1. Show that you can apply the helix-only estimate: for chain A, add -39,500 (n - 2.57) for every DSSP H stretch of four or more residues, divide by all residues, and state [θ] at 222 nm to the nearest 500.
2. Using a Gaussian network for chain A with springs between C-alpha atoms less than 10 Å apart, which of these wobbles most: A:Ser62, A:Ser94, A:Ser27?
3. Where in the stretch B:10-32 does the label zone of B:Ala109 land, with the point 7 angstrom along Cα→C-beta and an amide N cut-off under 15 Å?
4. Build a GNM of chain A with springs between Cα atoms under 10 Å: which of A:Arg31, A:Arg69, A:Arg59 gets the top mean-square fluctuation?
5. Please compare each pair in B:Lys70/B:Lys99; A:Lys11/A:Lys71; A:Lys11/A:Lys57; A:Lys71/B:Lys70 to a cut-off of 27 Å on the Cα-Cα distance and tell me which ones are over it.
6. Given the stretch B:4-107, what percent of its DSSP beta bridges are antiparallel, to the nearest 5?
7. When the expected Rg is taken as 2.2 N^0.38 Å, what fraction or multiple of it is the alpha-carbon Rg of chain B?
8. Of the residues B:Gln80, B:Gln33, B:Gln14, which exhibits the maximal mean-square fluctuation in a Gaussian network model of chain B defined by a 10 Å Cα contact cut-off?
Amino acid sequence: DTGVSQNPRHKITKRGQNVTFRCDPISEHNRLYWYRQTLGQGPEFLTYFQNEAQLEKSRLLSDRFSAERPKGSFSTLEIQRTEQGDSAMYLCASSLAYTDRNYGYTFGSGTRLTVV
Amino acid sequence: TQLLEQSPQFLSIQEGENLTVYCNSSSVFSSLQWYRQEPGEGPVLLVTVVTGGEVKKLKRLTFQFGDARKDSSLHITAAQPGDTGLYLCAGANAGNNRKLIWGLGTSLAVNP
């Protein structure tokens, strides 16, 4: 297992376009998280899955954002009608339930989105 | 709402100096984790502290969890340019083990 993989690493899109990012977590991890991060700031929670169930979604997340984890393995994050304010690094992390407390999250390298 | 406050927000020092980064909260956490993040990469876990008063060392880095499990510190001895990065603390809530509470980070620059 090579860790958490995110694709693409970089995405430049025009305002108003839709974009989709993919995250492949560590295979034995049943929890998957999406975060957004702007330069020099800590990660901002977006949403979280345990297996295929989306258990929590940030109230900050507008209805233009949707995430899925259809088979409890990889996950996609879609942003519709992108805006310049969506420009950020989108991070995916995975963990094993009930061991987060000790072993933390494993993050991917992120997808950097630039909306022009 | 639980919050983790990190200080300082930015730190620029010369190689060889010592520094301490603080992570404070009014809430009790069941554990607290420290991550380091380099530009263009995701955060990487450095250490987890679980017991109040616990001290862990990782080479030149010393991590301490407060007795009341509300705060933590990271001390770096003889900083090197390779220590440059964003240091993040994250707390796990004993009553809610679903997601971590994140600080905003301390951006450290170690100049040669």
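1. -500 deg cm²/dmol
2. Highest fluctuation of the listed residues: A:Ser62.
3. Output list for this probe position: B:10-15.
4. Among A:Arg31, A:Arg69, A:Arg59, the largest GNM mean-square fluctuation belongs to A:Arg59.
5. A:Lys71/B:Lys70
6. 95
7. 1.02
8. Fluctuation is largest for B:Gln14.
Computed from the coordinates by the stated procedures, all read-outs in this text should not be read as laboratory data. Everything quoted here is computed from the prediction, not taken from an experiment. Virtual Cβ from ideal backbone geometry, glycine too; neighbours counted across all protein chains shown.
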